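Remarks on the structure that follows.
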Amino acid sequence: MSKISIIVPCRNGAAYLPECLRSIQDQSFSDFELLLINDASTDNTAEIMQKAALEDSRIRVLEGEGRGVCSARNLGLSVSAGEWVLFVDADDLLPVNALERLYRGTGTDVDLVIGAHETFGDKQESVLFWPETRWPEMPWPEKQRAMALRLIEGDSILNIMCNKLHRRAFLKENKIRLNEKVAVAEDALFNLEAVLQASGCNYCHAVTYRYRMHSDSTMNRASGTQMDVHREWLCEMRTMLMRLNLFEAYYGAFVNSVTLRLYKDGGILYVVRNFRAMCFDLVTPEGLNLASMSRRDRRTARRIAAGSYAGMYPVFAVGQICARKTAEISFRLRKKQEEKTLVRAEELPNG
């Protein structure tokens, strides 16, 4: 059994796929299987995959059904055999020591390992991203909740599918798969369920993934209002939290995530005017158990039921904006020091 199963779904990605494959095959850590899923491509993606498989025994090519990236990734999961699973998009790259560094973070007490990443593109400078580096100092329950809160809101680092090692047995035992109903933020939904059920998570303060930004990416193709684009994600998130009996525990965070979509669409007054018509059904499911909520979330639920939440939203919004600004300032104060210790992609040694 390989240490790592790398799953790469691809549909009509011939322009970037060869470079992606080279970055994986050139890894300093070689104990992996590479599962390439051709998701009904009409270009020469299949030929590129088959040629690579003939030249490298670690590569297997699978044929998807053209039902999208979630289905393709689930196919890869169903046949993977590695101890750990890593998802890679066919237009992205792995620094040469990415697998080695991520694997160092594995252990018997963790189900998830996360690294820092870098975005790059032909028309933009590269940008570095890393999650909360103070989390390693927290006990797991505290760290777990902090991560879950960020994922429920929609975090730019934690929500991406790639650059994370997942213990395969853990995913299988907990039946964690991509939700094929969700077209946007499906990765955040998968990661949230993994975090909520994991026994531990480690963080590697090194750039272990290079995310390519270009006009054909999924988010660049998404159209519509924030609420329209994310409604299915919010609905399925609610369903998942309720299935895990955690909806009440994260009720306030869920309400904030819902209202944040409206806020991004039109600001505070837009939320006041449209919350009841557009969001009431999302945040008032049947069987809501107020007794199991925190006191603060219980007040929120009652205000929503009484119809007074939207009118009070300007007050809540000011508090949320202040909290976000405080967090941004706190990060800026730490950023230079953390950036000094971050291992960047170009600094990773060969071998």
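The values are calculated or read from the model by the stated rules, or taken from the named source; none is laboratory data. In this text, all values refer to a predicted model and were calculated from it rather than measured experimentally. Ideal geometry is used to build each Cβ from the backbone, glycine not excepted, and the neighbour counts take in all protein chains shown.
Starting from residues that are in contact with a Lys or Arg (Cβ under 7 Å, 6 or more places away or on another chain), in a helix (DSSP H, G or I) and of a type in the set (A, V, I, L, M, F, W, C), keep the ones in region 33-81 and report whichever is surrounded by the fewest Cβ atoms within 10 Å (Cβ to Cβ). Looking at the filtered set, the residue picked out is ALA53. Within region 113-154, the residues that satisfy the criterion of being at pLDDT 85 or above, of a type outside the set (Asp, Glu) and part of a helix (DSSP H, G or I) are TRP140, PRO141, LYS143, GLN144, ARG145, ALA146, MET147, ALA148, LEU149, ARG150, LEU151, ILE152. Report yes if ALA40 is farther than 21 Å from ASP122 by Cβ, without any contact (Cβ under 8 Å) to a residue 60 or more places away in the chain and of a type in the set (A, V, I, L, M), otherwise no. For ALA40, the condition - farther than 21 Å from ASP122 by Cβ, without any contact (Cβ under 8 Å) to a residue 60 or more places away in the chain and of a type in the set (A, V, I, L, M) - is met. Quick check on my filter: what residues within region 285-329 are of a type in the set (D, E, K, R), touching a residue at least 40 places away in the same chain (Cβ under 8 Å) and more than 16 Å from ASN256 (Cβ to Cβ)? Within region 285-329, none qualify.
Sort out which residues of region 113-138 are surrounded by 14 or more Cβ atoms within 10 Å (Cβ to Cβ), of a type outside the set (Asp, Glu) and out of contact with any helix residue (DSSP H, G or I) (no Cβ under 6 Å at 6 or more places or on another chain), and write them in order of number.
Taking region 113-138 and keeping what is surrounded by 14 or more Cβ atoms within 10 Å (Cβ to Cβ), we get 113-121, 126, 128-133, 135, 138.
Of the ones still in play, those that are also of a type outside the set (Asp, Glu) are 113-117, 119-121, 126, 128-131, 133, 135, 138.
Passing the criteria: ILE114, ALA116, HIS117, THR119, PHE120, GLY121, SER126, LEU128, PHE129, TRP130, PRO131, MET138.
Can you confirm whether region 330-348 contains a residue that is of a type in the set (Phe, Trp, Tyr), in contact with a helix residue (DSSP H, G or I) (Cβ under 9 Å, 6 or more places away or on another chain) and surrounded by 19 or more Cβ atoms within 10 Å (Cβ to Cβ)? Please lay out each step first, then the result.
Within region 330-348, the first condition is being of a type in the set (Phe, Trp, Tyr), and the residues that meet it are 331.
So of that shortlist, the ones also in contact with a helix residue (DSSP H, G or I) (Cβ under 9 Å, 6 or more places away or on another chain) come out as 331.
Going one step further and asking which of them are surrounded by 19 or more Cβ atoms within 10 Å (Cβ to Cβ), we end up with none.
No: region 330-348 contains no residue that is of a type in the set (Phe, Trp, Tyr), in contact with a helix residue (DSSP H, G or I) (Cβ under 9 Å, 6 or more places away or on another chain) and surrounded by 19 or more Cβ atoms within 10 Å (Cβ to Cβ).
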